[in-house]
Amino acid sequence: MRNKGFRHLLGFLSFIVATGLACSVIAPTPTPEPPIPPTPVVPTVAPPTAAPVATEAATEAPTASSELVTFTDQNNYFQIDVPGDWKHTTSSGEHYYWDTFTSPDGGAVVENYVYDDGTPWSGKDSGRYALAVLNQLYSKTGSEGDIRISEEKKQDDGSDRLTWTSKGGKYSGISFFELRDTAFLMFTVNWGNDYKDQYSDILDSVVSSYRVP
């Protein structure tokens, strides 16, 4: 009787272990929610104000350099060439950091967002996370419904390109996202719709300069 009861107990424990293993295999890995940086930046949407008439002294005064300078990411994920007179700011938090370059008039923005908590990505998690980043950080409302993606295209380097616009914010952008081991990277250029013609060539040059050191 004792042996029979012991066999029943082993069988019951085996069932519990098997059930637990099955659940651990079937349960999907949740897609992390993007942490929101302290000051996410979107481009200015108002048209630029008229520049003041330059005096002779002002004409001779030195101006901020618009020549391209090279920026290297703190973890050597990428390098880009950006105008030297664009303002660079950075922020960081647990598992993420964020670099932002803003044109002097605020009409165009270049940004790169990196998230890495050391957990491997699986399946289509990176695509879902990219949409979450767009909806939370770039939408006018901070939620789904405002960002409209007009094109999604796989790039030759393995990254994905998303062309999008904010319906309520009157600004648009192009974002590239990819994985580097356990790190998620999203590189974005965006502009106020009224500034598109003014900054299209500059932003194209910045995108073209993106490279791995």
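The values are calculated or read from the model by the stated rules, or taken from the named source; none is laboratory data. The shown structure was predicted, so the numbers you read here are calculated from the model rather than taken from an experiment. Don't worry about glycine lacking a Cβ; one is built from the backbone with ideal geometry, like all the others, and counts go over all protein chains shown.
For residues in the range 175-191 being among the polar types (S, T, N, Q) and either at pLDDT 95 or above or surrounded by 21 or more Cβ atoms within 10 Å (Cβ to Cβ) (or both), which is farthest from S208 (Cα to Cα)?
For the range 175-191, the residue satisfying everything is N190.
Considering only residues that are part of a strand (DSSP E or B), over 19 Å from V109 (Cα atoms) and not acidic (D, E), which ones fall in the range 146-183?
S150, K153, K154, L179, R180, A183
Out of (1) closer than 18 Å to W98 by Cβ; (2) among the aliphatic types (A, V, I, L, M); (3) at pLDDT 90 or above, what's the single condition that is false for V212?
Here V212 clears every test but (1).
Per-residue answers, yes or no, for (1) buried (at least 20 other Cβ atoms within 10 Å of the Cβ); (2) under 23 Å from A183 (Cα atoms); (3) in contact (Cβ under 8 Å) with a residue 60 or more places away in the chain; (4) over 11 Å from the mean Cα position of the chain (by Cα):
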| residue | (1), (2), (3), (4) |
| --- | --- |
| D105 | no, no, yes, yes |
| V109 | yes, yes, yes, yes |
| V114 | yes, yes, yes, no |
| D117 | no, yes, yes, yes |
| S122 | no, yes, yes, yes |
| D125 | no, yes, yes, yes |
| A130 | yes, yes, no, no |
| V133 | yes, yes, yes, no |
| Q136 | no, yes, yes, no |
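Scan the range 138-159 for residues that are crowded, with 17+ Cβ neighbours inside 10 Å and touching a Lys or Arg at 6+ places or on another chain (Cβ under 7 Å) and jot them down.
D146
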